[in-house]
Every structure is written in structure tokens, then in C-alpha cells.
Amino acid sequence: MKKPPFLPSLLPFFLYLLKSSLLVFSASASPPPLPLVSLLSLKSSLKDPLSSFGDWDPTPTFSKPSFEDPVWCAWSGVKCNPKTAQVTSLDLSRRNLSGVIPPEIRYLTGLVNLNLSGNYFDGPLQPAIFKLSELRTLDISHNSFNSTFPPGVSKLRFLKVFNAYSNNFRGPLPQEFVRLRFLEQLNLGGSYFEGEMPAGYGSFTRLKLLDLAGNALQGTLPRQLGFLTQLERIEIGYNAFSGTIPVEFALLPNLKYLDISNCTLSGSLPKELSNLTKLEVLYFFKNSFTGEIPESYTKLKALKVLDLSDNQLSGTIPEGLSSLTELTWLSLINNNLSGTIPEGIGELPNLSTLLLWNNNLSGILPHKLGSNGKLLSLDVSSNSLTGPIPPNLCYGNRLFKLILFNNMFTHELPASLVNCTSLSRFRIQNNLLNGTIPYGFGLLTNLTFVDMSKNNFTGEIPHDLGYAPTLQFLNISENSFNVALPSNIWGAPSLQIFSASSAKLTGK
């Protein structure tokens, strides 16, 4: 005789009721509502070390034989339609849950939002989820689902948001997603998907976010991605793509965020990307791009972040970057750039981070750098820069990292630096700086690392360094002090490493 379809699902209820000694079902008792079947199946199937299901108590329902009171609608993580008592939202995120999601989840037929993120689910993704045909959002991110992606996702015909970020899926990217005509966000990043990106991923009509970053994808970037006219954000870096950036990417009129960093792309940067007038963030770091930075990029007036680091770019820094008034972050580190730093870079009103180390830059640092009061980090080490250190680098008292080593800076240290209470790392070794070290660095409560070695400093070594509260590393080697060390230097409370070799010290 064939068993009723719900019989396996009732076992947890019988066990629960027997254990609680609350009710003995008679042969004529009405079967429990399907939402209750589904939710209690979840509770009994999943490992719950934090007892987050503690309030999922069906007792009030079983005390009324008619089952008319939808007690489950008051349970944590559950939201219902007030008229039908159907579950419309189930949020089990960040509960430390593990185990297997039971197939009875399919009984939540009215479910619109399902969030399973931030748990320890592993194994294959339960395909019964794809029978929840009313789903609009599905979040399974930050779990350990593995195996290939199961078929059936195209049944979620109304789905708008799918987030599977940070799992262990493998195999090819699912082609089925392209059949979801309402999809606006697709995040398959942080797994082990492999093979090429399907050209069909360029056929989404409403997609605003595409994240495939951090997988094992290969091959060339499909030019069809340029047809995603609604796309606002694309993150496809940290893969093993080859070839160049398709010029069709310049056809994305609504794009605000573009990240293709840490791949193996090569060739020149497409000058056509200057058409992306809404672009705010551009990450191309850690590739093998060659040639010059296109002058046309100075038309990206909405740009806030530009990171072209760790490539093989040559030529000069375009003067027109000084016109990008929204720019907060500019990083061109580890390239083959030469020439001077445009003076206008120092006048950018919102610039907070300037990273230019390991290039062939010459000339002086822009005199007004830091005058906007927003500078947080400056690293121009390992270039051929000369002249004085600008006086207003810490004007807003926000600068925490000042890295200038391996250049040819001259003159004395600006006196303003000893008032920079935000400063944490200060590295100026291997320059041509002279004069005396000004008094006051030892009073900076956040200063942890100071390297002033290999310069031409003379005169007294400030005794306040012996009182520096958080200073851990101090190197003043290879200077020409011709004085004795301050007697209190060994009393610095946090000092771990101190070097003053070849500094022409006198005394004991």
C-alpha cells in the first residue's frame, strides 16, 4: 500500500508530541498544516547548537484540534501573510546551523524571501528549494554548499536576487540563470566554478549586479557582457581570464562599479571606457596591462576610486586626473610610470589615499598635497622624487601612514608633522633629508613605527622618544648626529626594536 505523501514528514511531530506528552492523536485527527510540517521538519533536521529554534513551539497549535491558530507566524525568522497564514519570508541567517535542509521545505509554497546565509550548510544544495515558485530573493551565501550546481533554478521564474557568495560549488557556471527574465542581482562569487563564462550571461535584460569574482574561471571575457544595459556593478576579478577587456564594456551606460582585478588580462587599457560617465569605482590591479594610462580616462568625472596597480603600465600620469574632483583613492603602484606627479593631484578636494610606490617618478611632491584636510595614506616610496616634503600633509590630522623611503627628498622635516596625532607609520629612510629631528614625535600617541635611517640628520636626538607610549620600532641608523643617545631612550614603554648603528654617536 502506498504511503501518504506527508507521512515521513509527520514522524518528527509524533516524536515531538510523544516526548512532550501533550497530545495523543486519534485516528481521525486532522493532518497538520503544511507550513507547520515544513518548519518543524527544518527544526528536526538541522543541528542548532545555539538553540535558535527555541521559540519554534507548536504546542498552542496542537492544543486546538482545528489548527486554526497559525502559531508559526510568531516564530523568529518567520513572516506570514496575515490573511492566509502562508509563510512569505524565512530568515535563518547567522544561526550556526548545519545539517541537511529537508525536502519538506517545498511545502512553503508562498515563500517570497528565503535567507540561509552565514551558516555551516554543506553538501549539495537542496533542489526542492527550486519548487518554491514564488521566490523573489534567495540568499545562500557564506555557507559550504559543494558539488556542482543542481539543475532547476530556472523554475524560480520571478526571482530577482540570487546570492550564493562564498560557497564551494564547482563545475561550470549554470546556464539556466539566463532564463530568469526578472533577475536583477546574480552573485556566484567565492566558489570554485570553472571553465568559461557563458556568452549567454550577456542576455540578462534587468541585471544590475553580476559577481563572479574569486572562482577558477578561464577563457576570454565575453563581449556580450557589454549588452547588459541595466548593469550597475560587475565584479569578475580573482579568476584566470586571458586576453583583453572587450571594448563593448564601454556600452554599459549605467555602470558604477567595475572590478576585473587579479586576473591574467593583458593588452592596453581600452580608451573607450571613458564613455562610462557614471563609473565611480575602477579596479584593474594585478593584471598584465601594458601601454599608457589613456588620457580619455580624465573624462570619468564621477570616478572616486582608480586602482591600476601591479601592471606593466608606462608613460606619465595624465595631467587630466587632476580634474577628477570626486577622486578619493588613486593607486598606481608597481608599474613603470615615469615623469612627474601632476601638481593638480595635490589640489583634489576629496583625495584621501595616494599610492604611487615602485615606479620611476621624478620631480617633487605636489606642494598642496594634504591641504584638503582629508589625506589618510600617502606612499610614494621607491621612486626618484626630490625636493622638500610638503608642509600640510597632515593638515586635517587624519594622516596615519606616511611612506616616503627610497627617494631623494631634501630639506628639513616639516615641523607640522610632530603635531600629527593620527600618525601611526612614518618611514622616510634612504633619502637626503637634513637638519635635526624635531621634538614632539615621542608625544604622538598613535605612532608605532618610525624609520629615519640613511639620511643626513644631525644634532640632538629628541629625548621625548623615550616617552613614546606606543612606539615599537625606531631606526635612526646611518645619520650624522655627533651626540650621545638620550639616557631615557631605553625606557620607552612599548619599544621592541631600536637601531642607531653608524649614526656617529658619542658618549657611553
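A few notes on this one:
- Some residue of the stretch 256-274 being over 21 Å from Leu221 (Cα atoms) and out of contact with any His (no Cβ under 7 Å at 6 or more places or on another chain): no
- Residue check, Leu279 out of contact with any Ser or Thr (no Cβ under 8 Å at 6 or more places or on another chain) and either farther than 25 Å from Ser362 by Cα or open to solvent by 60 Å² or more (accessible area, probe 1.4 Å) (or both): yes
- Scope the stretch 80-98; condition in a loop (DSSP other than H, G, I, E, B), hydrophobic (A, V, I, L, M, F, W, C) and either over 24 Å from Lys47 (Cα atoms) or touching a residue at least 60 places away in the same chain (Cβ under 8 Å) (or both); matching residues: Ala85
- Residue among Phe130, Phe177, Phe145, Phe158 that is under 25 Å from the mean Cα position of the chain (by Cα), closer than 25 Å to Val78 by Cβ and without any contact (Cβ under 8 Å) to a residue 40 or more places away in the chain: Phe145
- Single unsatisfied condition, Phe481 versus (1) of a type in the set (A, V, I, L, M, F, W, C); (2) in contact with a Leu (Cβ under 7 Å, 6 or more places away or on another chain); (3) buried (at least 23 other Cβ atoms within 10 Å of the Cβ): (3)
- Screening the candidates Gly214, Gly190, Gly219 for the property of being modelled with pLDDT of 95 or more and over 23 Å from the mean Cα position of the chain (by Cα) yields one hit, Gly219.
- Checking each residue in the stretch 176-197 for being farther than 19 Å from Gly152 by Cα and in contact with a Gly (Cβ under 6 Å, 6 or more places away or on another chain) picks out Gly189, Gly190, Glu196.
- Residues satisfying the stated conditions in the stretch 259-298, i.e. under 26 Å from the mean Cα position of the chain (by Cα), within 18 Å of Ile317 (Cβ to Cβ) and part of a helix (DSSP H, G or I): Leu273, Ser274, Tyr297, Thr298
- Taken as a whole, the condition of being open to solvent by 30 Å² or more (accessible area, probe 1.4 Å), of a type in the set (Ser, Thr, Tyr) and out of contact with any helix residue (DSSP H, G or I) (no Cβ under 6 Å at 6 or more places or on another chain) applies to Ser382.
- Take the conditions (1) modelled with pLDDT under 95; (2) of a type in the set (Phe, Trp, Tyr); (3) open to solvent by 20 Å² or more (accessible area, probe 1.4 Å); Tyr120 misses just one of them, which is (1).
- Among the conditions (1) open to solvent by 50 Å² or more (accessible area, probe 1.4 Å); (2) over 19 Å from Leu365 (Cα atoms); (3) not polar (S, T, N, Q), Ile461 misses just one, which is (1).
- Filtered residue count, the stretch 229-242, keeping only those that are part of a loop (DSSP other than H, G, I, E, B) and either at pLDDT below 95 or under 20 Å from Ser203 (Cα atoms) (or both): 5
- Among the residues of the stretch 335-359, the ones that are open to solvent by less than 50 Å² (accessible area, probe 1.4 Å) and assigned to a loop (DSSP other than H, G, I, E, B) come to 10 in all.
- When we screen Leu399, Leu393 for residues that are in contact with a Pro (Cβ under 8 Å, 6 or more places away or on another chain), open to solvent by less than 30 Å² (accessible area, probe 1.4 Å), on the phi < 0 side of the Ramachandran plot and free of Cβ contacts under 8 Å to residues at least 60 places away in the same chain, the only hit is Leu393.
- Among residues of the stretch 241-262, those that are touching a strand residue (DSSP E or B) at 6+ places or on another chain (Cβ under 6 Å) and open to solvent by less than 10 Å² (accessible area, probe 1.4 Å), counted: 2
- Residues satisfying the stated conditions in the stretch 243-258, i.e. closer than 22 Å to Thr229 by Cα and either assigned to a loop (DSSP other than H, G, I, E, B) or more than 23 Å from the chain's Cα centre (by Cα) (or both): Thr244, Ile245, Pro246, Val247, Glu248, Ala250, Leu251, Leu252, Pro253, Asn254, Leu255, Lys256
- In the stretch 226-240, the residues that are surrounded by fewer than 22 Cβ atoms within 10 Å (Cβ to Cβ), touching a Gly at 6+ places or on another chain (Cβ under 7 Å) and among the hydrophobic types (A, V, I, L, M, F, W, C): Phe227
The values are calculated or read from the model by the stated rules, or taken from the named source; none is laboratory data. Computed from a predicted structure; not experimentally measured. Please note: Cβ atoms are built from the backbone with ideal geometry, for glycine as well, and neighbour counts cover all protein chains shown. Note: accessible area is taken over every heavy atom of the protein model, side chains too, but ligands, DNA and RNA are not part of it. Shrake-Rupley method; radii C 1.70, N 1.55, O 1.52, S 1.80 Å.
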